[in-house]
Every structure is written in C-alpha cells, then in structure tokens.
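Inspection log for the structure reproduced underneath, given as structure tokens.
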Amino acid sequence: MVLAEIVFGIRKISPDQRALRLEQGLASWRRRFADRIYGFSEAATLAYGDIMADAVKLGRPMTVQDGMIAATARVNSGRLATRNVTDVAAAGLERICPWSAK
C-alpha cells in the first residue's frame, strides 16, 4: 500500500522534473529495503478481516488502506510507522510516529 501511494504520487506529477528525481530516489529506496517490502499475502487478508471487525466493534473504524497496512505489519511481526497513530490504535500494534520528537 505504501509503495502504491508513493508511485501514485510520482505518476500524478509526471512529466514534471521532480518526478524523475523522485523515481530515481524510489528505485534506490526499493533496492535498499527490498528485504523489508512485504506484499499483501493471504495471511494478511485474514488478519485484515480481524483488524477491521475489531475496529468497528470498538467504535474506531479505519480506512481500508490503514487496515491493509496494519494487517501486513501484524503478519510480519512489524511495528506500524504512521503519522495517524490514533487512526490505527484499534489494530493493537506497536505504533511509531516518525514525525514526533522523542
């Protein structure tokens, strides 16, 4: 999901000169983190159903995208890095806000 959103953002501004620079940066980032880029697997789809149902039951529904990212993090034993830490609280994952000062 995250990769898809980045690619979409770059494609929206093409053929702007920034798009070429961003494409190159993305290619570098993908090589650097290749072993940590996870697809939306069958296990993630099952976790997604649990996460989304739990969120609704708690009165804290989340977007499809947030649910998919949370499910992918859950099945890969990851932490969830997001600016919207409250939006994904119902997923029950450790959350990190990279924009917050520690």
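The values are calculated or read from the model by the stated rules, or taken from the named source; none is laboratory data. No experiment lies behind these values; they were computed from the predicted model shown. As a convention, Cβ positions derive from the backbone with ideal geometry for all residues, glycine included, and neighbour counts pool all protein chains shown.
Hey, does segment 27-41 have a residue that's among the small types (Gly, Ala, Ser), under 16 Å from the mean Cα position of the chain (by Cα), exposed (fewer than 15 other Cβ atoms within 10 Å of the Cβ) and in a helix (DSSP H, G or I)?
Yes: one or more hits.
Restricting to segment 1-19, count the residues that are in a helix (DSSP H, G or I) and within 19 Å of Thr72 (Cα to Cα).
6
Ser41 - would you say it is closer than 16 Å to Val2 by Cα and in contact with a helix residue (DSSP H, G or I) (Cβ under 7 Å, 6 or more places away or on another chain)?
For Ser41, the condition - closer than 16 Å to Val2 by Cα and in contact with a helix residue (DSSP H, G or I) (Cβ under 7 Å, 6 or more places away or on another chain) - is met.
Among residues belonging to segment 58-69 that are assigned to a helix (DSSP H, G or I) and of a type outside the set (S, T, N, Q), point out the one that is surrounded by the fewest Cβ atoms within 10 Å (Cβ to Cβ). I'd like the intermediate steps shown before the answer.
The initial filter retains those residues of segment 58-69 that are assigned to a helix (DSSP H, G or I), namely 64-69.
Remaining after also requiring of a type outside the set (S, T, N, Q): 64, 66-69.
Details: Val64: 10, Asp66: 21, Gly67: 24, Met68: 21, Ile69: 27.
Ranking the qualifying residues of segment 58-69, first place goes to Val64.
Among what's in segment 70-99 and is more than 18 Å from Arg36 (Cα to Cα) and of a type in the set (S, T, N, Q), pick the residue that is surrounded by the fewest Cβ atoms within 10 Å (Cβ to Cβ).
My answer is Thr86.
Checking Ala55 against (1) more than 12 Å from Val88 (Cβ to Cβ); (2) surrounded by 11 or more Cβ atoms within 10 Å (Cβ to Cβ); (3) not hydroxyl-bearing (Ser, Thr, Tyr): exactly one of these is not met. Which one?
(1)
Does Asp66 satisfy the condition of being more than 12 Å from the chain's Cα centre (by Cα) and in the same structural domain as Gly92 (by TED's automatic domain parsing)?
Values: more than 12 Å from the chain's Cα centre (by Cα): no; in the same structural domain as Gly92 (by TED's automatic domain parsing): yes.
No.
In segment 60-102, which residues are of a type in the set (Ser, Thr, Tyr) and over 18 Å from Met1 (Cα atoms)?
Within segment 60-102, Thr86, Ser100 qualify.
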